[in-house]
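Heads up: the structure comes next, in structure tokens.
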Amino acid sequence: MGSSTWHDPIRFNMGKKMKISLIKPNSVNVDPWVPEFRSLGINVLVNNIDSDCDFIICASHSQVGLLKNAHYRYPKTPIINYNWDLYGWIWKNPGTYDWRSYGEMLFKSTEIWCPSNEVIKRTEEFFKLGYKCKVIKTFARFFNYDGDITDNRYVLNPMRPYIFDKNYGWLKKACQELDIPLKESNHSLTEKEFQKTIAQCSFLCTEYHEASTGGLTLLEGYRLSKPVIVSDSEYMGARDYFGDRAIYFDDNNYHNFKFTLNKVWNNTPVLNIEECRAFTDTIPSVKEMVMQMANRLWEIKNK
């Protein structure tokens, strides 16, 4: 699965040696990187570092403390940050994250990888570091669903609550006003339940003004022929992944959002599942994503 434009992994098995320190959380979006790097002959230390590491790769802003410690121990080792999320509201609600320290580590980075151009835009706005950024799209965790793909007449919200997003609550409010059934996973379902919920929804909708990918579940749903509604905001990363295949609403107009939702509910598009699968096959697999990262590391190392 995946585009044929990606580099062949044989490139990494010709006597070249590389060792990386991967600073990471426990995450289904990052854990699979480790075996893929290793399959390319790259030595990976997880949340540890030695003097002979060629790079420190930090896979999440949540790990900035570990990153700072690794940099303190080996300040000459080049840093790469995979910058998943930078949103306008983080300064109002930083949560448990030290965003200012993360900005300092982004400044010290040799390069910053982002899942979408929208994250690059925020990186430039907040830290003036857009020139260091490169888009490396993330993989989606596509699954083989063995049940029936049906339309059981409900809308699925694939995202966890971003309560400080300016559009937060639009979907629930509009569904209540239009008497449209809504399901929200909130990451509380088992994997089997979650797959079934995707396979039986009418369509998926991300209401938010800002999201780095729009929610990778959008791609999982689209692969099962489920239409997708997202904001036309310049900070909506789903635009990079869907292009003209998504249905867009006016980010600055709740009434347009409600109108779009109602229109799609009353006349839900029937998508060709084979065309949807062919399109999602162009999204990088984890193997292809890691190949691109590894190729970029070799390019930087050999400059």
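We did not get these values from a lab; they are worked out from the coordinates using the rules stated. Computed from a predicted model, the values in this text were never measured in an experiment. Glycine also receives a Cβ, built like all others from the backbone with ideal geometry; neighbour counts cover every protein chain displayed.
Some observations on this one:
- Centre-to-centre separation between the Cα atoms of region 237-285 and those of region 64-129: 30 Å.
- Centre separation in Å (Cα based) which lies between region 31-45 and region 160-177: 39
- Using the empirical formula 2.2 N^0.38 Å as the baseline, the Cα radius of gyration of region 155-280 reaches a ratio of 0.96.
- Residue by residue, region 139-156 carries 3J(HN,Hα) couplings of 7, 10, 8, 4, 10, 8, 8, 9, x, 7, 8, 10, 10, 8, 6, 7, 9, 10 Hz when phi is fed to the Karplus relation 6.51 cos²θ - 1.76 cosθ + 1.60 (θ = phi - 60°); x denotes Gly or Pro.
- Cα gyration tensor category, rounded, prolate or oblate, for region 222-303 with a/c compared to 1.5: oblate
- Lys, Arg +1 and Asp, Glu -1 on Cβ, resulting dipole of the chain about Cα centre, debye, nearest 20: 960
- Per-peptide packing, taken as the mean over residues of other Cβ atoms within 10 Å, places 252-263, 55-66 in the sequence 55-66, 252-263 from highest down.
- Net charge dipole size for region 155-280 [Lys, Arg +1 and Asp, Glu -1 on Cβ; Debye, nearest 20]: 340
- Backbone phi angles across region 95-107, fed through the Karplus curve with coefficients 6.51, -1.76 and 1.60 (θ = phi - 60°), yield HN-Hα couplings of x, 9, 9, 9, 5, 5, 5, 5, x, 5, 6, 5, 4 Hz in residue order; Gly and Pro are listed as x.
- Ranked by the mean number of other Cβ atoms within 10 Å of their residues, highest first, the peptides 117-125, 203-211 come out as 203-211, 117-125.
- Size of electric dipole in region 54-155: Cβ of Lys, Arg +1 and of Asp, Glu -1, about Cα centre, debye, nearest 20: 480
- Overall form of region 11-163 per C-alpha gyration tensor (a/c, 1.5; a/b vs b/c): oblate
- Convex hull volume of the C-alpha atoms in the chain, normalised per residue: 134 Å³.
- Positive-end ranking of 180, 290, 236 along the dipole of the chain, with charges on Cβ about the Cα centre, is headed by 290.
- Coupling constants for region 288-303 follow from the phi torsions by the Karplus curve (6.51 cos²θ - 1.76 cosθ + 1.60, θ = phi - 60°), and in residue order they are 5, 4, 5, 4, 5, 4, 5, 4, 5, 4, 5, 4, 5, 4, 8, 5 Hz; glycine and proline get x.
- Net +/- balance of residues flanking residue 209 in space, Cβ distance below 14 Å, scoring K and R +1, D and E -1: -4
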